[in-house]
Amino acid sequence: MTANLLVRDSRRGTACRPGRLLPCGLAEGPSFGDHLARHGSLPDGRRKESWQRATLTAIREAGLVGRGGAAFPTGRKLDAVRSGPGRAVVIANGTEGEPASRKDRVLLSQAPHLVLDGASVAADLLRAAEVVAVVHPDARRSVDTAVAERGAAGVDRVPIRVVTAADRFVAGEASAVVNWVQRGTPIPRGRPPRMSEHGLGGRPTLVQNVETLAHMALIARHGADWYRSLGTTEEPGSTLVTLLGAVARPGVYEVEIGRAVHEVIALAGGATDELQALLIGGYAGSWVPAGSALELPFSAHGLGVGLGAGVVAALPADVCGVVETARLTRYLASQSAGQCGPCVFGLPSIADQVDALAAGRPGTFGDLERWLEEITGRGACGHPDGVARMVQSALRVFAGEVSGHRTGRCRASEAARVMPWPIPDVVP
Amino acid sequence: MTTPVRLGVDRIACDGRGLCAEMLPELVVLDDWGYPILRQGPVPDALRDLAEDAVGICPKLALRLEPCPVCDAPSSG
């Protein structure tokens with residue numbers, strides 16, 4: 001495979017080159033036979049300690065990090081679960097609660113066997129007793145078909161159970177996924193103990209994003225050097241992105257990490273307007289100014305912000321970033337699991353202040369900035385931290401617009417709503 | 001010498017009763033909604049007994065002392 005920019009358009013009928021993960025021109029599938037024809041079988045001898053050690057080393061040396069949002073090193077997570085007490089559980093996390101993201105359901109629909117290969121490899125590496133695939137409802141049929149094919153072929157040592165994911169922003173957080181599978185309540189729980197020690201049914205549990213598992217399936221076949229032949233030294237490989245907003249062809253694409261951001265935008269047919277800012281990562285991601293970002297490498301190091309779940313939302317110049325931020329903040333506040341005081345009371349108060357700012361009403365800006373600092377790190381999960389980070393980035397990137405709003409001026413000519421808005425009832 | 005400890009709080013269990021901030025204002029302040037903000041870093045030896053009392057008096061059993069071999073790491077509270 002050449003080290004070109006990898007291009008994968010999630011829609012059929014458009015020019016397409018296959019990426020590492022996504023095939024071309026398929027709405028669903030491929031069949032297990034097609035999957036084997038493209039990628040080959042997983043290596044033999046996966047129950048041998050020697051193979052497991054070599055593969056764990058390959059995953060570490062590949063530098064693979066989680067693609068669910070936190071970018072935690074996958075090798076370290078596997079090590080932690082492997083040394084946990086008792087028989088492990090593997091959960092393939094395709095919840096995709098992030099409203100702007102589509103990459104996990106597209107991957108599960110178009111390359112389910114690659115994800116399930118990764119889950120199977122993880123089960124071998126951890127000598128797990130159980131594999132559970134928690135998948136977005138849109139991908140359920142495809143995954144069910146794939147699991148049935150694999151069962152008939154007898155390829156997986158551990159049977160795979162499929163569970164439809166809960167539809168809620170925080171439902172994809174690792175402990176929330178465990179709670180969903182175990183109790184039907186998709187809410188995070190506090191730490192400690194960690195999932196690696198005490199997860200599903202009290203067993204050491206690997207909760208791994210489905211895209212991460214798909215990369216693992218390829219590293220198990222081709223090794224660390226192959227994986228590192230794309231990307232940058234610090235952030236090797238390719239990654240799936242969901243491009244939306246002011247781009248010609250919104251959708252899911254696979255990109256080489258470290259390519260210029262304007263090349264990533266070009267994958268989606270380029271910008272349809274002059275761009276003002278990009279929201280990187282997801283709703284609880286970070287705003288970056290488009291002018292400088294377009295020339296920077298698409299990587300956490302290059303942009304100075306985490307890539308989160310791979311969302312890139314392009315905000316055109318004539319749309320008010322403060323109004324967009326107010327909408328995002330209100331939505332995120334509505335998605336608190338309702339368990340921790342700083343989140344339950346802090347997020348609505350913050351959303352009120354951002355609303356006041358967006359509407360040009362008098363507000364207590366000093367409180368807003370203090371609250372954003374104070375709620376960080378004070379939830380059982382990272383939800384309040386993500387909201388604070390997003391709003392803080394907005395106050396920096398839209399500083400000019402913010403001061404205009406504080407004196408009752410908004411320079412935006414359009415009130416267009418760039419972000420998908422999943423809960424119409426709570427539109428501010 | 002005792003192992004360094006830091007304060008931690010179970011954010012789900014915490015109900016914002018505020019006894020910890022009354023007992024240990026040196027290390028715990030309350031936010032605008034009455035929930036504790038814990039000072040980062042190790043509990044000073046001089047406050048160790050008071051900290052243990054504060055943990056004992058929390059009506060929700062939410063406050064805890066946790067060992068912190070590397071006390072410059074952010075606390076879980």
Return the long-range amide H neighbours of A:Val162 (sequence gap of 5 or more, or a different chain), with a cut-off of under 5 Å between placed amide H atoms.
-> A:Ala133
Roughly what would the spin-label model give for B:Arg17 and A:Arg161, points 7 Å off Cα along C-beta, in nm?
-> 3.8
Report, ordered by chain and residue number, the lysines lying within cross-link reach of A:Lys48, taken as a straight Cα distance under 21 Å and ignoring same-chain residues fewer than 8 apart.
-> A:Lys77
Rounded to the nearest 20 Debye, what is the dipole magnitude of the protein assembly as shown about its Cα centre when Lys and Arg each give +1 and Asp and Glu each give -1 at the C-beta?
-> 1280
Cα long-axis angle, helix B:48-57 against chain B (0 to 90 degrees, to the nearest 10) | 30
Over segment A:101-168, what relative contact order in percent results from Cα pairs under 8 Å that are six or more residues apart?
-> 39
So for R0 = 41 Å, FRET eff. of A:Ser50-A:Ala70 from the Cβ-Cβ r, to 0.05, ends up at 0.85
For chain B, calculate the relative contact order in percent as a whole number, restricting contacts to Cα pairs under 8 Å that are 6 or more residues apart.
-> 48
The answer for A:Val65, listing residues at least 5 apart or on another chain whose modeled amide H is closer than 5 Å to its amide H, is A:Thr74
Longest span of chain A, sites excluded, free of GluC sites (Glu not before Pro) in DSSP loop with at most 15 other C-beta atoms within 10 Å?
-> A:29-233
A:Cys24 paired with B:Trp33, simple spin-label distance in nm, labels 7 Å along Cα-to-beta-carbon = 5.1
Considering only DSSP beta bridges whose two residues both sit in chain A, what percent are antiparallel, to the nearest 5?
-> 50
Student exercise, segment A:209-304 dipole from Lys, Arg, Asp, Glu Cβ charges, in Debye to nearest 20 = 200
Over segment A:239-361, what is the mean sequence separation of C-alpha contacts under 8 Å (at least six apart), divided by residue count, expressed as relative contact order in percent?
-> 24
Under 18 Å from the B:Lys60 label point (7 Å along Cα→beta-carbon), backbone N, segment A:180-201 | A:187-193
Segment A:310-324 scanned against label point 7 Å out from A:Arg411 along Cα→C-beta; backbone N under 20 Å for A:314-324
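Quick one: if the Förster radius is 30 Å, what FRET efficiency do A:Thr57 and A:Ala129 give, using the C-beta to C-beta distance and rounding to 0.05?
The value I calculate is 0.80.
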Chain A: most fluctuating residue of A:Val344, A:Val387, A:Val143 per GNM, C-alpha cutoff 10 Å = A:Val344
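FYI, it's all coordinate maths here, none of it is from the lab. Note that the structure is a prediction, hence the values are computed from the model and not measured. Cβ: placed from backbone, ideal geometry, glycine included. Neighbour counts: every protein chain shown.
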